[in-house]
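Report on the following structure.
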Amino acid sequence: MFCVECQPRLFRVVQHSGTSDSAQHGRALQLWSNLLKEKDPRSALLAGFVQNYTLSSWYANDAFAQCYFTAFLERRMSTAHHFIKLKTFKMKSCQISSSTFDVLAQIPSVRALSFDGCVPNIESSLGDTHHSRSWTRFIAAQTFFPSECYPMLSDFIDIDGLEYLSVDDWSLACAILEGRRANQLRELCIPIDVSQAPEVPNFLERMPNLTRLCVRNALWSPDTCIPSHIVPRLQQLQGSVSFLNKIVPGRPVTHITISGIAILQRPFASAAKLSTVGIRSICLPQAHFRTLHSDDFPNLESLIIRPGCVGRSRLYSSAFPSALDRDSPLSSPTLVTYAVDPTCCWICAMWLLDLITQLVTLSNKVPAIFPHATRFRMANIIEWRRDPGQTWVPRVLSRPAARELLFRRDMRDVSDIDGCLRSLLRDDELTVDDRLRLGNDFIVHDVPG
């Protein structure tokens, strides 16, 4: 009974990684593939539970790992039919070969494909391999396919059902869509160069139901306009100020993410006011924060501030308070997020768990700057809530992320409040070194006998 209930959950998501031990993981790949090929009933049963499959960190310059990886893909050709429920297939930091697509051609149930930091090395096409256009979500991040591969990729993608497309290559995006209408496309992330700006209106006109658009590297041409009948349902936008100025007016845009470091100008505020429903959420670099005027965004509910590296401040404890300095309050937001990047450096990571410094700043600064804010988030890891008595109380938003920070070897002298962080760790998880490293708030007290 236990197996019947648990196996479908345990094997719903499977990842094979070559990071820690290429030989060990390579043999594991080969073993499972052999079992499937030999019709081992247990392995075939488990393969039938897999819905999300990831292959990661099989680098082409690691000959030992690549040998196993190549053999695995070749063997998978005859076993792919066991993955009857596979919906999402991801490859990260791997070499993409013709065998990759040969395998995918045998799994028509796949709907979402993601390549992240992969290196295409495709020597031949699929030829007469029969497959169906089934992909409705396609991501190619830091993965650049040669133009010879475009027809092959297009053959897999269901243009009529395509819902999500994110690529780092404008030419690839154009090739995938083939000049056809993508009526089901809801989310699009693409790079646009100034020289490509004149092509964009015609490109977007074929996506009538697009609701989210992320445009990278867009220093927009002032001569290129995007008529309001194009992408009329757009709600979420990410791009440069110059691009946002052109596309917000006349559309029901509610969420804006500003890319780049150009200082906000009044034309942007004027353009933002022309959203047909009002801007409710803004994500912007810290440099733009002081130029944001409360009157320009009366419907603003959520503000996300993206700071630079906290560690660059000579005294890191002053970085957060000074970031909130401004001449006038922003009265409308009820939720503010200070989006420090925990992967930036050890100081940024340490600051995210410095609850005492955060509390002092929230108590001294936030009431004047954000008079109606009732929640203040730190990188979506810690959330502070203001109770009716104006006291800020912390809680952990992401237990896995907070625990990961606590177990970092460079995390020291964590300042906790009311056991908020301490409650994430069991006593038996803490070594003597951990206790010394994390500080007094994490000392394990003896339990009376």
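Each value in this text was obtained by applying a stated rule to the coordinates, not by laboratory testing. Please read these numbers as outputs of a predicted model, since none were measured by experiment. Cβ coordinates were reconstructed from backbone atoms using ideal geometry, including for glycine residues, and neighbour counts include every protein chain displayed.
With one equal scatterer per alpha carbon and no solvent term, the Debye-computed log10 I(q)/I(0) for the stretch 322-449 at 0.13 1/Å reads -0.57. Would you list which aspartates and glutamates come within 12 Å of residue 365, measuring only between C-alpha atoms, while excluding same-chain residues fewer than 8 positions from it? List returned: 325. Under a 5 Å amide H cut-off, with hydrogens placed 1.01 Å from N, residue 382 pairs with 397 among residues at least 5 apart or on other chains. Amide H contacts under 5 Å for residue 251: 276, restricted to partners 5 or more places along the chain or on a different chain, H placed in the peptide plane at 1.01 Å from N.
Given the peptides 235-248, 360-373, arrange them by the average over their residues of other C-beta atoms within 10 Å, most packed first. Intermediate values should be presented prior to the final figure.
Values: 235-248: 21.2, 360-373: 16.3.
With the highest mean Cβ count within 10 Å placed first, the list reads 235-248, 360-373.
Exposure proxy shown here: for 291, 100, the number of other Cβ atoms within 10 Å sets the order, fewest to most, as 291, 100. Here the convex hull built on the C-alpha positions of the stretch 150-266 has a volume of 95 cubic angstrom per residue.
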